[in-house]
1. Checking the table A:LYS126/B:LYS78; A:LYS126/B:LYS46; A:LYS126/A:LYS210 against a 21 Å threshold on Cα-Cα, which pairs fail?
2. Using alpha carbon centroids, what distance separates the stretch B:95-167 and the stretch A:25-54, in Å?
3. Quick one: order B:ARG14, B:ARG120 by neighbouring beta-carbon count within 10 Å, fewest to most.
4. Starting from the amide H of A:TRP24, placed 1.01 Å from N in the peptide plane, find each other amide H under 5 Å away whose residue is 5 or more places distant or on another chain.
5. Quick check on the protein assembly as shown: of the DSSP beta bridges with both residues there, what percent are antiparallel, nearest 5%?
6. Net charge near B:HIS217: determine it from the other residues with C-beta under 11 Å of the C-beta of B:HIS217, scoring Lys and Arg +1 and Asp and Glu -1.
7. If each DSSP helix of 4+ residues adds -39,500 (n - 2.57) and the sum is divided by the residues in chain B, what number results at 222 nm, nearest 500 deg cm²/dmol?
8. Considering only A:GLY209, A:ALA84, A:SER37, whose Cα is most displaced toward the positive end of the charge dipole of the stretch A:9-213, charges sitting on Cβ of Lys, Arg (+1) and Asp, Glu (-1)?
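Bear in mind these aren't lab numbers, they're just calculated from the coordinates by the rules spelled out. Remember, it's a predicted structure, so these values are computed and weren't measured experimentally. For neighbour counting, all protein chains shown are included, and Cβ atoms are generated from backbone atoms with ideal geometry for every residue, glycine included.
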Amino acid sequence: MSDAKGLSRQQMCDRLAMEFQDGWVVNLGLGIPTLCSNCAFGDREIIFHSENGVIGYGPLAKPGDEDLHLTNAGGQYVTLQPGAAIVHHADSFAMIRGGRIDVTVLGAYEVAENGDFANWKMAGQKGGGIGGAMDLAVGAKNVFLAMEQLTRDGKPRLVERCAIPVTARGVVKLVITNLGLFQITKDGFLLREIAPGVALDQIKAQTGGKLTVANPLPTVRLT
Amino acid sequence: MKSKIFASCAEAVRDIPDGSVIAFGGFSAIGAPANLLKALAEQGAKNLTCVLNSPRNSPNLPAAAPDIGILCERGQVKKVICAFTAPTRLSQTMTFAKYYEQGLVEAELVPQGTLAERLRAAGAGIPAFYTPTAVGTELAVGRETRHFNGREYLLELALPVDYAFVRAHRADAFGNLQFHGSQRNFNPVMATAARTVIAEVEEEILPRGKMDPNQVHTTGLFVQRMVRIPPPPEGYWPIPPKRADE
């Protein structure tokens, strides 16, 4: 049986975004996490914080309507929601380290069963790209990761111990991959929800580190 | 008082000596002092230490917006202190990285919030501080940490600079600056950390008294030199990255 692809990246972010609570301040990392700003939040108000000091940005600006002086940290031209504010970088990171961010959603190369994760330096690379990730990882009240289950060459990204330099230790709470939703517990990865059409055996084969499975095991909620 | 307004970026950077430590504001091309950067490349000061968020200007480099790769290409850079020394995607390139990987330019990689706070501390007269950021990582190896209230923190030193190059939207002749949108980013923080601040200004510089004091983001106390710049050329602004689901 060939492996199922599982969730799309937008579906992954839609599921994570269901965890955001009304009034939460949310910071999104580069790549897959940026898709969390497209999600429907219903009557929950979500305040997006960006490292470059934009507090309360809204949907991406429509082509032609961009303010060329206004992007989020991912370089996307954004709009501002009523109540938005602009601050400088030191204030922006005071909010991060000072515990004002309810959740950061980051991408990662690897996450370990103890909540360590690595997202700034690829194997064998000289230097790396830290950006705001190390500050967010220790400052945000919750660290969620959005990542593919496997690397491009087919190795698990959920591992026993990170093999590449970590961004922070023991901070990750929740991980969404294309195959399912995992919670970090003292017993390692707990598979809480499984993507539609994916077999549990595939997840077992494609997860390094200790895996436990919720019983019953629901499929990933999509609405 | 001597006028702070200079006729050109070339004049504003003319006396910058070899070996200077220079901070460059900006987050991607937004708020980046591209005109001063080009003038510095032409001026030719060498052995520079450059402090900035990223040696690469944008996720998708706009052709008309230079990054400090142009200083590396001219052999002007000794060291870069920044939050990125490699592109964030394999598909991207970074001129600086070529020089770094060959050992021609040194780099000190610093988490972005630590970089901002080291500059802020320098400007505020605070020599060092402890932060939880980077504890337990490769960056903390061999460095001083200390526990406060049961949590481990890493000692970081203030980062004073000789010059800060900043870009502002509006200014008055006293040097008071206003930024627009996310152009603010590192600019006000770097301005406090520098002995000499040079601002490139997008709008016509106002006479003293014509800027509302309540709307000043950086006081002219910090600013020594200003240059009015022309509108950016076609292709200056960053091209947003492809969406992650494309």
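1. Values: A:LYS126/B:LYS78 17 Å; A:LYS126/B:LYS46 24 Å; A:LYS126/A:LYS210 31 Å.
Among A:LYS126/B:LYS78; A:LYS126/B:LYS46; A:LYS126/A:LYS210, the Cα-Cα distance tops 21 Å for A:LYS126/B:LYS46; A:LYS126/A:LYS210.
2. So the two Cα centres are separated by 27 Å.
3. On the way: B:ARG14 12, B:ARG120 24.
Listing B:ARG14, B:ARG120 from fewest to most nearby Cβ atoms yields B:ARG14, B:ARG120.
4. Excluding prolines and chain starts, which carry no amide H, the hits are A:ILE47.
5. On the way: 34 of 82 bridges.
Around 40 percent antiparallel, to the nearest 5.
6. On the way: positive: B:ARG170, B:ARG184; negative: none.
In short, +2.
7. On the way: 6 runs with 47 residues, N = 246.
Rounded to the nearest 500, it is -5000 deg cm²/dmol.
8. Of the options given, the answer is A:GLY209.
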